[in-house]
Structures are given as structure tokens and as C-alpha cells.
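Bear in mind these aren't lab numbers, they're just calculated from the coordinates by the rules spelled out. Every value quoted in this text rests on a predicted model; they were computed, and no experiment measured them. No Cβ is skipped: glycine too gets one built from the backbone with ideal geometry, and neighbour counts run over all protein chains shown.
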Amino acid sequence: MDVAAIVVAAGEGERYGSRKQFCDLAGRSVASRSVDVARAVAEFVVIVVPPDATSESHGADAVVAGGPSRAASVRAGLAAIAGTARVVVVHDAARPLASPALFHAVVRALDDTSLAGAVPGLAIADTVKRVNSPDDPIVVETLDRTTLVAVQTPQAFVADTLRRAHDEKREATDDASLVEAIGGKVAIVPGEPGNRKLTTRDDLESMLAVLEAR
Ligand code: CTP
Ligand code: MG
């Protein structure tokens, strides 16, 4: 097998107020849309769901129970992927609007064999400042926006490297950070403004608008 995909859908959606990944978006569930688009590149798709929700596959080839953190859920997905997969693509179920072309772009970037990973990124429009802490929001510095990108999923990795990156069971909000931490080179490919992550209820409307514009 060349490419396998993990769709992580085991979160509780605290900011949203429910398990947003199973909500309806214009007639189909958010999770099933994400599984479907992962098929653009993956011969095998595993969906990682909350432990009490493993009875539904959402169209995936395998269903496994997730863990208490996103990273733990990715590890659960990795355990269900055959050792023969060369590339593993990790995708947030909560980003159902990523295009098939974006999946192809991150996988194709790995044709450069010096890379361990490829992830979508967008330039940042706002000026970004670092503060002491959320409780003490005094500005420490203003960052150089031209060298910053906001990253998305799908994120593609050389399978062996992703497994090694997860071996240490560290936590991170994306997989690329774990690959970077073991010295893997990760490239940015152009992200998609429409590839929003469903985070709060307010996101639903803008996502419907993106769908309608297609
Ligand atoms: N996720 C997961 N396992 C977890 C936590 C998150 O599989 N333990 C998944 C979510 O289902 C989502 C993706 O990781 O598809 C990105 O996480 P996020 O948007 O933060 O979703 P939630 O953790 O569910 O939301 P919140 O942080 O508001 O609770
Ligand atoms: Mg979360």
C-alpha cells in the first residue's frame, strides 16, 4: 500500500458545544465528508472516534477508539495502519472542506525525498504579537509576519518517520510539530482559505457559504 489516511474524529467539541464532527453539513455529516475527501489519495482510511462511538464507520475502512488527546488519537489510528504504507496522511475530521487537490499536493510534495512531511499553510493577515501569558497579556514582542504561516490539515508524512515521531508519546496540536521535534524536515504547501476548521458554531455559516460557492 502506498498511502493510508487517518481521520481524527475523537474530540468532544467543547468549544462547539457537542461532537461537531458528527453534525450535519448541507446534508452529510462533517466526518463522512472528511473520510470521503481523504480517498482522493488514500487506499485505506481509518477513522478515530470516541470510545463510545465505534459502531459507525462514516464510510471509512476501519474504525478505532481514540484517546484523551489529539496526539493519542493519531497514535490509535497509526496502530491500525499496515506497515506496508509508505505515506500516512493525517486529517482533522473537523476540516471537511479540504479539497482533493490539497490532499494530492501534500502527498506529491513528498516526492522530494529530503522531506519527512508536507503540510498546508496560509500567510497570516493580522500582525501577530507574543504576550507574557493569557492572564498577563502584556506584549513581549511583535513577530515578523512574513516568516509565519497558519497550518492546516491534511498533513502528509513518511510513514516510518511519523511512527518514530509518535513513539515518545509527546503531545502537540499537530503531527508536524512532533516530526520537527525528531529532526524531520517539513515543507509548507499552499493551504486553502476555504479549508476552515469547524471550531465554534459561528464557523458553520461560513462553511456553508464555501460549499455554496463551489
Ligand atoms: N480529536 C481527536 N481526539 C481528541 C481530540 C481531538 O481525534 N482527543 C480530533 C477532533 O475530533 C478534531 C481534530 O482532532 O477532528 C481537531 O481537534 P479540535 O478541533 O480541537 O476538536 P475538539 O478537540 O473536539 O474540540 P475542542 O478542542 O473545542 O474540545
Ligand atoms: Mg481540541
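Among Leu208, Leu162, sorting on how many other beta-carbon atoms sit within 10 Å of each Cβ, with the fewest leading, yields Leu208, Leu162. Answer rounded, prolate or oblate for the stretch 89-214, using the Cα gyration tensor with square roots of eigenvalues a ≥ b ≥ c: rounded when a/c is under 1.5, else prolate when a/b is larger than b/c, else oblate. In terms of gyration-tensor shape, oblate.
Tell me, in nm to one decimal, what length is gained between Leu143 and Glu56 on full extension, where the rule is 0.36 nm per residue of separation less the Cα-Cα distance?
Values: separation 87, 0.36 × 87 = 31.32 nm, distance 4.43 nm.
Answer, rounded to one decimal: 26.9 nm.
The mean sequence separation of alpha-carbon pairs under 8 Å and at least six residues apart, normalised by the residue count of the stretch 3-213, gives a relative contact order of 23 percent. Taking other Cβ atoms within 10 Å as a rough exposure proxy, Asp2, Asp135, Asp92, Asp36 sort from fewest to most as Asp135, Asp2, Asp36, Asp92. Need one word for the chain: rounded, prolate or oblate. Basis is the Cα gyration tensor (sqrt eigenvalues a ≥ b ≥ c); a/c below 1.5 gives rounded, then a/b vs b/c decides. Rounded, because the longest to shortest axis ratio a/c is under 1.5. From its DSSP helices (H runs of at least four residues, each -39,500 (n - 2.57)), the chain gives a residue-normalised ellipticity at 222 nm of -7500 deg cm²/dmol.
The ranking of Ser206, Ser114 from fewest to most other beta carbons within 10 Å of each one's beta carbon is Ser114, Ser206.
The residues neighbouring Ala5, those whose beta-carbon lies less than 10 Å from its own, together hold a net charge of -1 under the Lys/Arg +1, Asp/Glu -1 convention.
About the Cα centre, and with charges only on the beta carbon of Lys, Arg (+1) and Asp, Glu (-1), how big is the dipole of the stretch 3-213? Nearest 20 debye, please.
On the way: 22 positive and 28 negative charges, 52 e Å.
The calculated dipole for the stretch 3-213 is roughly 260 debye.
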